[in-house]
Ligand SMILES: Nc1nc2c(ncn2[C@@H]2O[C@H](COP(=O)(O)OP(=O)(O)O)[C@@H](O)[C@H]2O)c(=O)[nH]1
Ligand SMILES: [Mg+2]
């Protein structure tokens, strides 16, 4: 069965568990120490609802988007990361339930930035361009990591995060990046969300096509001298 290839970004602040999440998803285990003889596969194949998916996970540290991180490099590096974010099919917004700051970053900046970059991108430092229709939406989920530490160290209320995710129309999971099962469940939800995003983008495209066709039809009518209803002018012979 040929697999559908998708690019997924795992987005969150440093230390929230992006690397552990990726390890667990790609290799189904958590590494305390890396064994250099074990190579990490580029892509992970999963079957969801009878379809095969080949997923690549790339982690993107949120602070890469703050230009102050890159002295003397204003513009270039952020633009590269923006491109990755913009081209992704899906985004996992990851925070750590024991760090309120990591949650607030997603809610107040990360999510909004991702949406903004999807719609408009800065071609150079001054010109904003809109991204092509049909590629603006992305699948996404919100994930609160380090659930195993929740009893003692929780800083982010589950209900608050759940409510925010719902208001944005995305699914929410609390999990531990050391647990394979919960990661599978979250990734299944992400794939379903990517499918939905693509369907809605395609609807936009066909609407755009229909609009274009009707504009062309109107232009043809005009050219052939067939008048539009309501714009007919009386011929007055003098
Ligand atoms: N207890 C606990 N620790 C975790 C979990 N996920 C990651 N960590 C730890 O958090 C630290 C940062 O994880 P890492 O994956 O490197 O974060 P990254 O900077 O987002 O890539 C490491 O010490 C991990 O072992 C988890 O689910 N539970
Ligand atoms: Mg990392």
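Each of 135, 194 was scored by other Cβ atoms within 10 Å of its Cβ. Arranged with the fewest first, they read 135, 194.
Ranked for footprinting exposure by Cβ neighbours inside 10 Å, fewest first, 103, 111 give 111, 103. Each of 118, 56, 200 was scored by other Cβ atoms within 10 Å of its Cβ. Arranged with the fewest first, they read 200, 56, 118.
Between residue 47 and residue 188, the modelled labels are 1.4 nm apart [label points 7 Å from Cα along Cα→Cβ].
Every number here is computed from the coordinates shown, using simple stated rules; none is lab data. A quick note: this is a predicted structure, and the numbers were derived from the prediction, not measured. Neighbour counts are summed over all protein chains in view; Cβ atoms, including those assigned to glycine, are modelled from backbone coordinates with ideal geometry.
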